[in-house]
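Taking it in order: structure first as structure tokens, then the write-up.
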Amino acid sequence: MQERTRLDVMGGAAERPLFREGLAEDLRAELERRMAPAADALGEGRTLWLTKAKLTNLHQRCEGLFLANELDEGVFTYGFQLAVGSVVHKAVEIGVYAGDMTEAELADRALERLESGDDAFASYLGLLDPVERAELLGEATRQLSWFRVTFPPLERSWNPVVEWPLRVALAGDRIVLSARPDLVLGGVDRDQPMRARRLVIELKGGQERPEQEDDVRFYALVMALCHGVPPFRLVNVNLQAGTARVQEVTEDLLRSAVRRVAEAATKAVDVLNGRPPQLRGGPWCRWCPRSQTCTASTAREESVESAVRTEPPA
């Protein structure tokens with residue numbers, strides 16, 4: 001299974017694509033040209049940060065959710081799936097340099113590191129009883145086990161980097177793209193600098209969603225702008241379903257990411273400058289700060305229905 005993953009998912013010994021010189025400069029120029037009206041409307045002294053989550057909120061979810069988060073109306077809190085994902089990511093990172101540890105040991109060590117270094121995570125753990133904490137560790141161990149059984153051991157020569165922070169400032173530093181890929185493998189070809197040798201792997205739990213493929217395309221664009229050469233392949237790994245979706249990076253893929261980012265910048269600035277946000281209800285309403293007041297909120301409807309069902313008879 002590991003060999004099949006190495007060949008079919010990770011690219012194995014397949015020839016890596018050679019991108020043309022000047023590609024990153026062309027992508028930057030096109031992106032800044034498309035975002036120029038938004039940057040001008042943003043005005044001096046203001047900076048718009050765009051992340052994969054903000055792009056998803058603006059395009060696939062709800063502009064109201066984007067605005068509420070941008071205005072700091074909510075307080076970030078962990079949920080079960082997010083906590084499990086954080087433990088798995090940290091365990092993968094530890095496992096690169098501690099390969100002799102079992103999955104359960106890695107998960108337990110990762111949880112301890114997060115509890116001591118992440119106040120929000122520690123607060124979430126403080127709300128769990130021993131059984132719930134064990135369930136969290138059990139699910140993280142299960143997902144980590146599937147990853148380690150399916151993927152070959154991450155060799156140090158592959159230059160594995162977990163949650164690599166990447167940042168690109170555009171339009172006179174008024175718009176910043178910020179990305180943090182879960183796992184990046186590979187390095188630079190010193191003989192052929194434009195030969196793409198990096199592989200981006202995004203680890204997900206829960207339901208597969210179409211925007212997850214957009215997430216890794218955004219990563220590819222940011223990496224190209226940061227390093228001058230994009231990755232050669234993008235992989236979305238669902239740790240619950242045990243599946244992997246692969247995308248080969250091409251110039252067309254990068255330009256589609258440019259268009260998506262530019263459109264999101266336009267929407268974001270319009271909303272921040274006073275245009276009423278387009279509201280769209282969905283599962284995301286459950287973590288929106290405006291869930292109990294928004295007219296489109298499905299969480300508000302669920303709350304009302306629950307109140308009606310539990311109201312005692314007259």
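Coordinate-derived values only; no laboratory data. Being a predicted model, the structure only gives us computed values, none of them experimental. Heads up, the Cβs are rebuilt from the backbone with ideal geometry, glycines too, and the neighbour counts pull from every protein chain shown.
The modelled label-to-label distance for the pair GLU112/PHE80, using points 7 Å beyond Cα in the direction of Cβ, is 2.6 nm. The overall shape of the chain, judged from the alpha-carbon gyration tensor, is oblate: a/c is not under 1.5, and a/b is no greater than b/c.
Approximating the spin labels as points 7 Å out from Cα along Cα→Cβ, the LEU128-to-ARG34 distance works out to 4.0 nm. Does region 16-81 come out rounded, prolate or oblate, given a ≥ b ≥ c as the square roots of the eigenvalues of its C-alpha gyration tensor, rounded meaning a/c under 1.5 and, failing that, prolate meaning a/b above b/c? Oblate is the answer for region 16-81, as a/c is 1.5 or above yet b/c matches or exceeds a/b.
With n ≥ 4 as the cut-off for DSSP H runs, can you work out [θ] at 222 nm for the chain, using -39500 (n - 2.57) per run divided by the number of residues, rounded to the nearest 500?
-15500 deg cm²/dmol
Projected label points at THR293 and GLN192, each 7 Å from Cα along the beta carbon direction, are separated by 5.8 nanometres.
Converting the Cα gyration tensor eigenvalues of region 80-153 into ellipsoid dimensions via √(5λ) gives semi-axes, longest first, of 21, 13, 9 Å. One decimal place: the segment ARG275-ASP173 gains 34.4 nm when fully extended, by the rule 0.36 nm per residue minus the C-alpha distance. Note on ARG156/ARG259: beta-carbon distance plugged into 1/(1 + (r/R0)^6) with R0 of 41 Å gives a FRET efficiency of 0.60.
Charge tally for MET101 (other residues, Cβ to Cβ under 15 Å; Lys, Arg +1; Asp, Glu -1): -2.
May I ask you to list the aspartates and glutamates whose Cα is less than 16 Å away from that of LYS204, ignoring any residue fewer than eight positions away on the same chain? Within the straight-line limit of under 16 Å, LYS204 reaches these aspartates and glutamates: GLU93, GLU139, GLU163, ASP182, GLU213, ASP214, ASP215. A Gaussian network model of the chain, with springs between Cα atoms under 10 Å, assigns the largest mean-square fluctuation among PRO152, PRO130, PRO160 to PRO130. Entry note, region 80-153: relative contact order of 43 percent, from Cα contacts under 8 Å with a spacing of 6+ residues. Put simply, when 196-202, 46-52, 80-86 are sorted by average Cβ atoms within 10 angstrom per residue, most first, you get 196-202, 80-86, 46-52. For region 1-156, relative contact order (Cα pairs under 8 Å, six or more residues apart, normalised by length) works out to 32 percent.
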